[in-house]
Amino acid sequence: MHAVPLCQGKMTPFSKNMVSVPLWIPVVILFVSLCNGGKILVVPLEGSHWMNMHIIIKALHGQGHSIDVLRPSNSWFIKENSTYYSSITMPNTKGMDEEFVEDMLSKAINYERGKSNWLGSVWLYLDTLYNTYKMHEMICQVITNMFESEEIMKTLKEKQYDLVLTDPVWGTGIFLAHKFKLPMVYNVRWTTTGEGHFEIAPSPLSYIPITKSGNTDKMNFFQRVQNIFYYFLMYFQYGYFNLAQYQALCDKYFYPPVSFYELLQGADIWLMRVDFVFEFPRPTMPNIIYVGGFHCKPAKALPHDLEVFMQSSGEHGVVIMSLGSFISVLPDDITAEIAAAFALLPQKVIWRYTGKRPSTLGNNTLLVDWMPQNDLLGHPKTKVFIAHGGTNGVQEALYHGIPVIGIPLFFDQYDNLVRLQDRGGAKIVTITTLNKNTLHAAIQEVISEPSYRLSVQRLSHLHRDTPVKPLDSAIFWIEFVMRHKVRYLCVKCCSRKRKTE
C-alpha cells in the first residue's frame, strides 16, 4: 500500500515546475527567521512596568524570538498563558501581592493629605523606608527560593538563553544574568537604588534634580542645597535598605565575591523609557538608548458606545481621567470632591474608576472599569487628561498633544508632571489641595488657556520627529546584543564577566 500525496496531480509550492515562486518565498523567510531567533529570558516587574515590557515582548515574538517570562505564582498582571511567551512560574513569598501595594499607596495618600503637619511628613518618610525595606526583603526571599530550587535552576540552565531582559527595580534578573553569565538588557527608568542615570552617567547636582525634590533643571542656590540634601538622603535610603539585602545574597551565592552594585551597573544596554523632549538635558553614556514613548501609537476607532458618548459632547469636548492601576484606593471624600468638580463642567467626562459610586456624580460623567486610554487621548474631542503622573500616561498625553492636569500620588509622579509643567503642557493639583473648587478651576484654566494645548502639541511634534521609532530602536539594540555579545559601549568600571569573555 502506497501513501497518496496530499496534492496529487496539482502544482505545489515546492514543485520543480513551479513558476509562481512568491507563494513559497514567505514560507522560507519565516522558517529562516524562526531558526535564527534567539532565546530570551524576561524578568519583569508588575503593574505599569509589565504593560510596557509586554509591548517589547510582543515585538520580539514578531521577530521570531523564543521568550520565557519568569513570573510569581500570585502575579496580578502577568498571565501564565500567552501567545507571545512561555511562563516559568515561581512560588512567591507571602505578602508580595496586590494588597501589599494598595495598602502602601493608601498610607502614602493619607500621609500626603496631612503634609502641612511636619510630623506627618516625618511619618510618611519613615513609612516609606519601612515599605521599601519590606518590598526588597520579599524580593530577596524570592531570589533565595529560586536559587535553592534545583528544579528551577536546572530548567533555566538547560534553556541555554542568549540574553536576559529585565526591569532592574527588582534584582532578580540581575542575579540570573550573573549566575548564567548572560548578556543583560534593561527596560529601565528606575533601579533598585533610584533613577537609572545616577548609576552609570555623570549627574551634576547643580542642574540634575533628585527624585521627589520637585526641582527642575533651573535651580537657585537654596534649591541646589536642597537637591544635595535629597541626594544624600536617597543614597542613605537605597544603600542601607536596598543594596545591603542584595549584597548579602551575592555573598551567599557567588564566588569569587562580587559587588551587587557592580552587577547592577553591568547591563550591556539600558533602554531608558524617556527622551529629551520629556527629560531635562543631562550627561549620558553610549550604552543608554532612549526609547521614551515606545508604547505610544496612533489612535484606533473607539467602541461604538464610547464614540457615541464622545460625539454627544458637542463643541465642549471631553475630559479623560485615569489614576492608574490602583484607582480604587482613593478615600471616599476625595472621590466625592472630584465627582462634584466634574458635575460643574459643560464638558462630558470619562473616568476610569472602580470604587464606590460617588454621591456627587453628575449626569455628564461616565464611570468605566477600563478604558482604551491611548485611543481616547488621540480622539479629536478630547480636551484634557487628568492623570496621576505615571510615566506611561504622561508620555501618551505628550504623544497625542493633550494637556495634562496632574494629581500626583507617590514616588516619581510629581517629578514627571513637573517636567511637563515646566514645558507648559501641564498643571499640578496636589492631593493636599485637591477639592471641588481647585480641580474645577484647574480644568477651566487648562481648557480655556490656549498656551497649554499649543505647548504640548509642539512637544508632540518634536517627539514624533525621529528617524527611527522608539520601539524599533529597542528591538534593534536587544538583537544587537544577542548578535555581537560585545561590551565595547560599556565603561570599564561597569564591566561584568560573561561566558563569552
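The values are calculated or read from the model by the stated rules, or taken from the named source; none is laboratory data. Since the model is a prediction, treat every value here as computed from it, not as a measurement. Cβ: placed from backbone, ideal geometry, glycine included. Neighbour counts: every protein chain shown.
When restricted to residues that are within 11 Å of P403 (Cα to Cα), without any contact (Cβ under 8 Å) to a residue 40 or more places away in the chain and aliphatic (A, V, I, L, M), segment 429-450 contains 0.
In segment 44-57 there is no residue that is modelled with pLDDT of 90 or more, more than 30 Å from I139 (Cα to Cα) and in contact with a helix residue (DSSP H, G or I) (Cβ under 6 Å, 6 or more places away or on another chain). Hey, can you tell me all the residues within segment 51-78 that are in a helix (DSSP H, G or I), in contact (Cβ under 8 Å) with a residue 24 or more places away in the chain and surrounded by fewer than 20 Cβ atoms within 10 Å (Cβ to Cβ)? Once the filter is applied, which keeps residues that are in a helix (DSSP H, G or I), in contact (Cβ under 8 Å) with a residue 24 or more places away in the chain and surrounded by fewer than 20 Cβ atoms within 10 Å (Cβ to Cβ), segment 51-78 yields M51, I55, K58, A59, H61.
The residue of segment 382-401 that is farthest from L434 (Cα to Cα), among those that are β-branched (V, I, T) and in contact with a strand residue (DSSP E or B) (Cβ under 6 Å, 6 or more places away or on another chain), is T382.
No other residue among F254, F236, F260 is farther than 30 Å from I57 by Cα, more than 21 Å from the chain's Cα centre (by Cα), assigned by TED's automatic domain parsing to the domain that holds I478 and of a type outside the set (A, V, I, L, M) apart from F236.
Residue under question is L243, and the condition is that it be within 25 Å of the chain's Cα centre (by Cα), aliphatic (A, V, I, L, M) and either part of a helix (DSSP H, G or I) or closer than 29 Å to L126 by Cβ (or both); does it hold? Yes: the conditions hold for L243.
Condition check: assigned to a helix (DSSP H, G or I), at pLDDT 95 or above, closer than 30 Å to H388 by Cβ and outside the structural domain of T216 (by TED's automatic domain parsing). Does A474 satisfy that?
On the way: assigned to a helix (DSSP H, G or I): yes; at pLDDT 95 or above: yes; closer than 30 Å to H388 by Cβ: yes; outside the structural domain of T216 (by TED's automatic domain parsing): no.
Considered against the rule, which asks whether it is assigned to a helix (DSSP H, G or I), at pLDDT 95 or above, closer than 30 Å to H388 by Cβ and outside the structural domain of T216 (by TED's automatic domain parsing), A474 comes out as no.
Identify the residue in segment 335-362 that is hydrophobic (A, V, I, L, M, F, W, C) and part of a loop (DSSP other than H, G, I, E, B) and, among all such residues, is surrounded by the fewest Cβ atoms within 10 Å (Cβ to Cβ). Break it down stepwise before answering.
From segment 335-362, those hydrophobic (A, V, I, L, M, F, W, C) are 336, 338-345, 349-351, 361; that's our starting set.
In the following step, the residues that additionally are part of a loop (DSSP other than H, G, I, E, B) were identified as 344-345, 361.
On the way: L344: 14, L345: 20, L361: 20.
That would be L344.
Residues that are charged (D, E, K, R) and touching a strand residue (DSSP E or B) at 6+ places or on another chain (Cβ under 8 Å) were ranked within segment 424-452; the one that is farthest from T335 (Cα to Cα) is E445.
Among P298, P303, which is the only one that is under 22 Å from the mean Cα position of the chain (by Cα), in contact (Cβ under 8 Å) with a residue 40 or more places away in the chain and exposed (fewer than 15 other Cβ atoms within 10 Å of the Cβ)? Show your work before the answer.
Details: P303 fails: under 22 Å from the mean Cα position of the chain (by Cα).
Exactly one of P298, P303 is under 22 Å from the mean Cα position of the chain (by Cα), in contact (Cβ under 8 Å) with a residue 40 or more places away in the chain and exposed (fewer than 15 other Cβ atoms within 10 Å of the Cβ), namely P298.
When segment 452-467 is limited to residues that are of a type in the set (K, R) and over 8 Å from G401 (Cβ atoms), the one that is nearest to the chain's Cα centre (by Cα) turns out to be R464.
Only one of these is farther than 14 Å from Y246 by Cα, at pLDDT 95 or above and not in a loop (DSSP other than H, G, I, E, B): Y161, Y186. Name it. Break it down into steps so the answer makes sense when it comes.
Numbers: Y161 fails: not in a loop (DSSP other than H, G, I, E, B).
The conditions single out Y186.
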